[in-house]
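The values are calculated or read from the model by the stated rules, or taken from the named source; none is laboratory data. Since this is a predicted model, take the numbers as computed values, not measurements. All Cβ positions, glycine included, derive from the backbone under ideal geometry; neighbour counts span all protein chains shown.
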Amino acid sequence: MTVEGPVARRMPCRRNRPAAGLGSWTSDSVRVGPWRWIFCGRGGGTCMFCGSGRLALSRCFGSPSWPGRLAESFLSGKGAVMLAHRFGLRSRSWCIILLAGLALSILPAGGSGQELRTWSDNTGRYTIRAKFLSVTDGKVTLQREDGSKVQVELARLSAADQQYVRRLQAETDNPFKPVPESPFRPVPPAEPATPEEITAGATVPDWTGVPMVSVTPTSPGWRLSMDTEAIQPWEGPLPAIPLPPRTDAFEKAKALVVNPVCRRAVVGYVYRRPGQPARTRIVICDLAAGRTVHVGPAAGAMLPLALADDGVHVLMRPDEIHPGKQDRLELWAVGSEGNISKGLKWIPHGDRQSTARDIKWAAFVDSQRLLTLGGEGQLALWNASTAQPIWWLKIDSRCRPALSPDRKLLAFASGKQLGVLDIEAGTVVAAQPAPQPLSGALFAFTADGKRLAAARGNKLYVWESATGRLEQDIFMTGAYAMDCLVFPSPDYMLVQRQWLFHLPSQLRVWRYAGHELVTMLGDVCWFLVFDGFQGPGALVPARIPHPDIQQQVEEAVSDPDLLVLKPGVTVRLDVSGVEDAQRRKEVHDWLAEKLRQRGFRVGDQGTVELRASVESAGREKIAYRRLGRIPPYPDTYKVRRFVCKLEFVYQGKTLWEIESENILPFLIRLKKGETVQKRLKEHEKPNYAFFQYTELPKLLARPSNGPTLGSSQVTIAGIQ
């Protein structure tokens, strides 16, 4: 695509693929301006996410194939807001994600169970292929093959069809009602709420005079104390809590929120079917009693962000993808009969534009106050009964802060700083530089509050809460923290909902699968799981790891031969795969220094080998679209591709590997007299910076039959 204006730069595509052993392939993610790139899969499929929620630009590699043609057809439609393309000649993974109005029918609409047949009216002029649904007040409702519904007067049907209907439904009413010329009239859909109706009654708070909290600590050093009496461990049995099934494949369980005071949870369902208004269902569960207490439906797509201490009021936010549309907060109360009463409604940052209006995170800190995080990093404390801000603090907008178990402290990221806020005092009581910038980091405390963790990408840090001492600096081989971090016990961390890491050994040791969401309350993990698309669901509690799993892990990590790569081990460095002699020496020096920094020795007698190579991947087609061209047909060019690769090898088996291809511009701004092919020629070279900046793992286990020691399946009956 050629455009006028600043050029968007894209970071190297890394495919982190540990092979055999306690590690497996993972994904990488970078943000470039308003775009988020997800590099995923063994084949390196790449997805681009536009911050504005609209597809503005696209690029597809490779010769024509069905994914390329499919992307072309979707690009020309109005419903596509996101697509994925193949990145590199070796790619085999494709992912096409279509959002915001793309009418995809996954399953046929439900019906009465009748078969499709041909219907005709009494004149023989009109026919339709459909199945019978119902007859009410003399009107027959039919369903077409595409799922749409039509109505027809029973009297306007042919005699054979009337007889067929009477066999199915004996009730008929007065047939003498006026009908249009064609009796097959579509059933009118329910009218969705207008934007004015949605925001009616929503207030915009006045921020004048609201104090801003300084991010500078009130005193030097790091000294924190935790109210341990406020942390109540779970006692007694932990039964699974049944949940209502989903309506069909178009309804998703989107959120799971818990409250430690009332010991309740709320599950948010959102129904989105093309051509139909969205709707919401919230289910409130009493975790201590092991039962569902309230189920409430509502119009529109809304997500629960936080549950109040009374266990009845739920803080809701629109479930939208467009910037500036996640801006409204509503406080709902669910009655015993399932009725929902909507109380406060406000737009916290209604004076801002686009993503600055959005609310990214929220939590109640007591019965009267709650915290929210805005799209520009505005962390604010609110009076929950008046929707008025008490104070605010500027932090990283992409991080996900964490409340301490006693809800007195909040851990957050601000630039290169790790900070802790005293919520009651409204002051930052501790801050220190982090090992690396924590923008976008996920935070979590242990159940006793003694440890604090932050995960960003494939890096995990663990500190002692009281002193701020860094205890663990872990390169998470085979995992990538994106939206879930759970600290189930002092020695274990659950990353991305499924991968369990053993912190002392820094190894990924177990996998939990089958569930959709997971959160933690006290020392108990709560898994949200369903039995198929329309089967029953359950909240399944568990303390992880289970005793038998913990025993297996402890036995494995106690084996002195488990880790073949660890500090003190001699590593043999092989850079013969880099053909350019000058670059080969640079690569050797970079990698040798990295190995020494990790605590390894470098020598020819090493038991583990680190191989560096640069390979030509041949020439490949790439398409760019010129802005303003109508129709927007792409221009295709051939570009030479290079693959830079690093891998640790032990006894001929790959322990870990990572690759990067040469960087091609996503946007091109041409100078006068310059051509696209000339600009692309400048990028036909290996990405040698990959060898300089890639971080190497510190610990690797010997090859085994799987990525972990074992795995468990979460079902509605429990963890198996």
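Annotations
- Filtered residues of the stretch 241-256 (kept if modelled with pLDDT under 90 and either aliphatic (A, V, I, L, M) or under 21 Å from Asp483 (Cβ atoms) (or both)): Arg246, Ala249
- When residues of the stretch 119-173 are limited to those that are of a type in the set (Gly, Ala, Ser) and assigned to a helix (DSSP H, G or I), the one surrounded by the fewest Cβ atoms within 10 Å (Cβ to Cβ): Ala159
- Of all residues in the stretch 231-255, those satisfying the criterion of being in a loop (DSSP other than H, G, I, E, B) and hydrophobic (A, V, I, L, M, F, W, C) are Ile231, Trp234, Leu238, Ala240, Ala249, Phe250.
- Elements of type strands (runs of 3 or more DSSP E) contained in the stretch 440-536, each with 3 or more residues being aromatic (Phe, Trp, Tyr) and touching a residue at least 60 places away in the same chain (Cβ under 8 Å): 524-530
- Any hit, the stretch 667-687, residues being surrounded by 18 or more Cβ atoms within 10 Å (Cβ to Cβ) and closer than 29 Å to Ile549 by Cβ: no
- Of all residues in the stretch 272-298 being assigned to a loop (DSSP other than H, G, I, E, B) and surrounded by fewer than 16 Cβ atoms within 10 Å (Cβ to Cβ), the one that is nearest to the chain's Cα centre (by Cα): Pro274
- Criterion violated by Ser712 - all others in (1) part of a strand (DSSP E or B); (2) in the same structural domain as Leu591 (by TED's automatic domain parsing); (3) within 30 Å of His502 (Cβ to Cβ) satisfied: (2)
- Remark: pairs (first residue in the stretch 610-632, closer than 29 Å to Glu657 by Cα and in contact (Cβ under 8 Å) with a residue 40 or more places away in the chain; second residue assigned to a strand (DSSP E or B) and among the small types (Gly, Ala, Ser); Cβ separation under 8 Å; 6+ apart in sequence or on different chains) = Ala612/Gly577; Val614/Gly577.
- Matching residues in the stretch 426-439 - criterion: being outside any strand (DSSP E or B) and either without any contact (Cβ under 8 Å) to a residue 12 or more places away in the chain or of a type outside the set (Gly, Ala, Ser) (or both): Pro435, Gln436, Pro437, Leu438
- Restricting the stretch 688-720 to residues that are among the polar types (S, T, N, Q), at pLDDT 90 or above and under 30 Å from Gly532 (Cβ atoms), the residue that is surrounded by the fewest Cβ atoms within 10 Å (Cβ to Cβ): Gln713
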